[in-house]
1. Starting from the Cα of Thr222, step 7 Å along the direction of its Cβ; do the same at Asp171; then give the gap between the two resulting points in nm.
2. Roughly how many nanometres apart are two label points built 7 Å out from the Cα toward the Cβ at Leu275 and Ser64?
3. Rounding to the nearest 20 debye, state how big the charge dipole of the chain is about its Cα centre with +1 on each Lys and Arg Cβ and -1 on each Asp and Glu Cβ.
4. Taking a threshold of 26 Å on the Cα-Cα distance, which of the pairs Lys52/Lys216; Lys227/Lys276; Lys47/Lys135; Lys52/Lys114; Lys52/Lys134 fall above it?
5. Ranked highest first by average number of other Cβ atoms within 10 Å, how do 272-282, 151-161 line up?
6. With only alpha-carbon atoms counted, please give the Rg and Dmax of segment 234-296, in Å.
7. Taking H placed 1.01 Å from N in the peptide plane, check which residues at least 5 places from Arg208 or on another chain put their amide H under 5 Å from its amide H.
8. Can you give the relative contact order of segment 234-296 as a percent, counting alpha carbon pairs under 8 Å and 6+ residues apart?
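We did not get these values from a lab; they are worked out from the coordinates using the rules stated. As the structure is a computational prediction, the values presented were derived from the model and not from experiment. As a convention, Cβ positions derive from the backbone with ideal geometry for all residues, glycine included, and neighbour counts pool all protein chains shown.
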Amino acid sequence: MNMPSPSAITATRLRRSYGDHVVLDGVDLDVPRGTVFSLLGANGAGKTTTVKILSTLIRADGGSARVAGHDLSTEPDAVRAAIGVTGQFSAVDNLLTGEENLALMADLHHLDRKTGRRRIARLLDRFDLADAAKKTAATYSGGMRRRLDLAMTLVGSPQVIFLDEPTTGLDPRSRRAMWQIVRELVADGVTIFLTTQYLEEADELANRIAVLDHGKIVAEGTADELKRRVPGGHVLLRFADERDLESAARAVGEVSRDSETLVLRVPHDGSLASLKALLDRLDRDAVEVGSLSVHTPDLDDVFLALTGNKEKVAPR
């Protein structure tokens, strides 16, 4: 008996060039089913090209891939039947109502009338669009259009959804509403392949993150694993008086101190074991700590360190 693969997406040595310009230079991916995998990269790093290849929109120049258990090159129709794609630019038809946009997708998926109506009603309700169902999409806000766009993707009940910078241009409230929808989809067993330049978005949603730079994966891991690769993490200890500050400085060794604010800054790698060792040393010397806070590098720091970019990532 053949057991289903635990991976929703696998890719080996994917390559793609446009003339002399190499966009993907041997990309390997392994995305477990029912997870969010985020691909980070600056403009031109190859994120959208990766999505286009994996969703059968363009061909790779080399390498191989499987999506939802189907070979990309020999079973493209099966791949298309198993996926949904929400691109950077909305696929919503402004001249149609929200309900009509969904009905169009139901027809394209060859759903019978009864099944289509039932699925449309459920999606309108799930995406909080029922009250606007009869209004043309041209009247929708940016957040509503994005929700409708994703609802249209779900009409075909995809196993894998590619979200290519899905929240670009949305206000913070609409962005967080989209995040909750993504979490609910994953809870239902859907696999999400997410590209984004909002590093907070990857931190919030992704089970694993890969950083793409000049066509190569330069790092991959959980958000915490990636953050621990960048120096600068520390524990900030605050004290009520100078005596406790001095006792702590003797207990923990070489630290950065500020006697005026009664603060010690202790280098920290972000691990629980390191934090426990620090607390054990303080406890052993009966040092009274007023407050403690752990500071780790964020994904902005990780991105800049791994890609060599000198400026923070900005949405395009």
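1. So the label points at Thr222 and Asp171 sit 3.5 nm apart.
2. 4.4 nm
3. Using only the charged Cβ atoms, the result is roughly 1120 debye.
4. Checking Cα-Cα distances, Lys47/Lys135; Lys52/Lys114; Lys52/Lys134 exceed 26 Å.
5. 151-161, 272-282
6. Spelled out, the Cα radius of gyration and Dmax of segment 234-296 are 10.5, 30 Å.
7. Excluding prolines and chain starts, which carry no amide H, the hits are Val36, Ser38.
8. Relative contact order comes out at 50 percent.
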